1. Every residue in region 129-145 that is touching a residue at least 24 places away in the same chain (Cβ under 8 Å), surrounded by 18 or more Cβ atoms within 10 Å (Cβ to Cβ) and small (Gly, Ala, Ser), please.
2. Return the residue satisfying two criteria in turn: it lies in region 1-16 and is assigned to a helix (DSSP H, G or I) and among the charged types (D, E, K, R), and of such residues it is farthest from LEU56 (Cα to Cα).
3. Which condition number in (1) within 18 Å of the chain's Cα centre (by Cα); (2) more than 24 Å from THR8 (Cβ to Cβ) is the one that PRO73 fails?
4. Restricting to region 50-74, count the residues that are in contact with a strand residue (DSSP E or B) (Cβ under 6 Å, 6 or more places away or on another chain) and part of a helix (DSSP H, G or I).
5. Output the residue which, of all residues in region 172-191 that are open to solvent by 80 Å² or more (accessible area, probe 1.4 Å) and part of a helix (DSSP H, G or I), is modelled with the lowest pLDDT.
6. Look at MET98 and say whether it is in contact (Cβ under 8 Å) with a residue 40 or more places away in the chain, surrounded by 15 or more Cβ atoms within 10 Å (Cβ to Cβ) and in contact with a helix residue (DSSP H, G or I) (Cβ under 9 Å, 6 or more places away or on another chain).
7. It is to be established whether one or more residues within region 40-52 are over 19 Å from ALA196 (Cβ atoms), under 20 Å from the mean Cα position of the chain (by Cα), surrounded by 17 or more Cβ atoms within 10 Å (Cβ to Cβ) and not aliphatic (A, V, I, L, M).
8. Picking from ALA126, ALA113, which residue would you name as being open to solvent by less than 20 Å² (accessible area, probe 1.4 Å) and in contact with a helix residue (DSSP H, G or I) (Cβ under 8 Å, 6 or more places away or on another chain)?
Amino acid sequence: KVGVFDKTRDGANRVADQIAEPGGKAFVSSVDIADYAAVGKAIAQFESEMGPTDVLVNNAGWDRFINFVDTTPELWDQLIAINLRGPLNMSHVVLKGMVARGHGRIVNIASVAGKEGNPNASAYSASKAGVIGLTKSLGKELARTGVLVNCVAPAVVKTELFSQMTEQHIQYMLSKIPMNRFGEVEEVAEMVAWLASDLCTFATGATFDLS
């Protein structure tokens, strides 16, 4: 039973179809994760239909590849709202129930940009550094509650963000990867699946590189 939250319903429906194909059940909600009230309402609806939230994967994200001096305060705020406030909102809403039940898994998708800092991606890098800091803090705070909080920091992975990049920027990023290829979504999913499972029993507040 999976809740799929996406700002666009078309995107959420595509994922829901993939979940339903092998016999899973999907709850679809069109919600802006930067809106705390909207997140609370969406999760309440999900839990009323599907039951309590056992696992939360914060994987919504956005970037604009632009140099620092041309990055406006409005763009900074938008990137921080989606990439950092979004995971904060989602986690805040589900955590009370997880702690009360003594079990839960939160997996945040960060980025190597949050550790290394990517050129022409200052706001994105800062937001992902914030996700890593949030993960470390919550992991330590909740360590004895049965709720584990970890994050994955992938190198560049083939996603729809590629459509926003110039070929020059794509080649620059590729040149930094010793394997000379980009990561695949399925490779990220495998690591997330383990962190979300009961096979992960000790690691918390940790950042797992996928690079």
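The values are calculated or read from the model by the stated rules, or taken from the named source; none is laboratory data. Keep in mind that this is a model prediction, so the values were computed, not measured. So basically every Cβ, Gly included, is an ideal-geometry build from the backbone, and we count neighbours across all protein chains shown. Calculation scope for accessible area: heavy atoms of the full protein, side chains included, ligands and nucleic acids excluded. Shrake-Rupley method; radii C 1.70, N 1.55, O 1.52, S 1.80 Å.
1. Once the filter is applied, which keeps residues that are touching a residue at least 24 places away in the same chain (Cβ under 8 Å), surrounded by 18 or more Cβ atoms within 10 Å (Cβ to Cβ) and small (Gly, Ala, Ser), region 129-145 yields GLY130, GLY139.
2. ASP10
3. So the condition that PRO73 fails would be (1).
4. Within region 50-74, residues that are in contact with a strand residue (DSSP E or B) (Cβ under 6 Å, 6 or more places away or on another chain) and part of a helix (DSSP H, G or I) number 1.
5. TYR172
6. no
7. For region 40-52, residues over 19 Å from ALA196 (Cβ atoms), under 20 Å from the mean Cα position of the chain (by Cα), surrounded by 17 or more Cβ atoms within 10 Å (Cβ to Cβ) and not aliphatic (A, V, I, L, M): absent.
8. ALA113
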